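**Student:** Please see the structure below; I have some questions.
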Amino acid sequence: MSRGMSVAVIGGGLAGLAAARLLCVRGMAVQLYEANGKPGGCCATTRVGGYTFNDGALFLALPAMLEHLFRRLELDRGALLPWRRISALQRTVLPEGTVVDLDAGRMTYARAGHTPMMYLPGPGCDALREVHVLAPEGLVLGLKIDGGEMFERLLAEESMKMHPGDLYVLFTDGITEAMNAGDDCFGETRLARLVEQHADLPSDQLRERVLREIDAFVGGAPQHDDMTMILLKVDAAWAGAPARAIDAEIVQVAER
Ligand SMILES: Cc1cc2nc3c(=O)[nH]c(=O)nc-3n(C[C@H](O)[C@H](O)[C@H](O)COP(=O)(O)OP(=O)(O)OC[C@H]3O[C@@H](n4cnc5c(N)ncnc54)[C@H](O)[C@@H]3O)c2cc1C
């Protein structure tokens, strides 16, 4: 779209507001239409009987995404939206169903055909500080062979206590099956050794380290699958209290 054009944006939620602001920054005349009497959509609040309720978003799950959004909009995120520590974070459900419950200090997970999760116990845990592969029983999601009966029967949910410094690595097979020109796969063993060697890095640096190693391994070979990875690291100073205790990095490298 070119400068000076008139644009109508329907909906003043996070997406509509961001789009409208971006188009304004690019010199377009923007009109924003919002069906509610106020902007904000799911991120707005409603006051009832003296109490304020969130209309949707309860806490910020993806701060890195908002940082990126504010940068693109040429806005000062720190000044407009300072981060606040949340004292009662309860449960986070990851896209593939893993539940991180900081109140109970437990991680509950299941597996429906995706690559098993890697777990490296924190320094304070009794278990050996090496990568453990967590692969509960389960059937591939979406196989409609018997109305879902077999899926329900085979799916095993497991749960484990979390410890300070614990690290969880969830990834798609595009990470471990990244291939070099000789058709060798990067593999689980390489990924596990990398995680063990660099587990003490902050999760964003660990993510960079893993991606760099994969790039170096693959060389010029074309990417054949998507690469998605979630790193969850329990704060080393966490003492079981339900404060912000997880440092999470999510990376998605789309298929080239
Ligand atoms: C209960 C709940 C909890 C959530 N918790 C979290 C969380 O903890 N962390 C997190 O990151 N995300 C959370 N989310 C998600 C997050 O709130 C949404 O992803 C995000 O706010 C969506 O923004 P949006 O602009 O796409 O849509 P919305 O916020 O839904 O905005 C759409 C806007 O468009 C308006 N509209 C619709 N149709 C029309 C029309 N025809 N004409 C004019 N206006 C129209 C609506 O009134 C609304 O204001 C939560 C969502 C819900 C519902």
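The values are calculated or read from the model by the stated rules, or taken from the named source; none is laboratory data. Bear in mind the structure is a predicted one, so any value in this text is a computation, not a measurement. A quick note on method: Cβ atoms are made from the backbone with ideal geometry, for glycine too, and the neighbour counts reach across all protein chains shown. Just the protein is used for accessible areas: all its heavy atoms, side chains included, with ligands, DNA and RNA removed. Shrake-Rupley method; radii C 1.70, N 1.55, O 1.52, S 1.80 Å.
**Student:** Could you list which residues have their amide H under 5 Å from that of VAL30, counting only those 5 or more apart in sequence or on another chain, with H placed in the peptide plane?
**Tutor:** VAL7
**Student:** In square angstrom, what is the accessible area per residue of region 1-42 with a 1.4 angstrom probe?
**Tutor:** It amounts to 64 Å² per residue over region 1-42.
**Student:** Pop out the carbon and sulfur fraction of the accessible area of region 103-151 as a percent, whole number, probe 1.4 Å.
**Tutor:** 56 percent
**Student:** Rank-order 144-152, 172-180, 29-37 by packing density, defined as the average count of other C-beta atoms within 10 Å over each peptide's residues, highest first.
**Tutor:** Put in order of decreasing packing, that is 172-180, 29-37, 144-152.
**Student:** Report the percentage of all Cα-Cα pairs in region 1-81 whose separation exceeds 23 Å, rounded to a whole percent.
**Tutor:** So the portion of pairs separated by more than 23 Å is 30 percent.
**Student:** For HIS132, list long-range residues whose amide hydrogen, built 1.01 Å from N in the peptide plane, is under 5 Å from its own amide hydrogen.
**Tutor:** Here TYR119, LEU120 satisfy the definition.
**Student:** Net charge within 14 Å of ALA29 by Cβ-Cβ distance, Lys/Arg positive one each and Asp/Glu negative one each, not counting ALA29 itself?
**Tutor:** Within the 14 Å Cβ shell, the charges total +3.
**Student:** If packing is taken as the average number of other Cβ atoms within 10 Å across a peptide's residues, how do 186-193, 127-134 rank, most packed first?
**Tutor:** 186-193, 127-134
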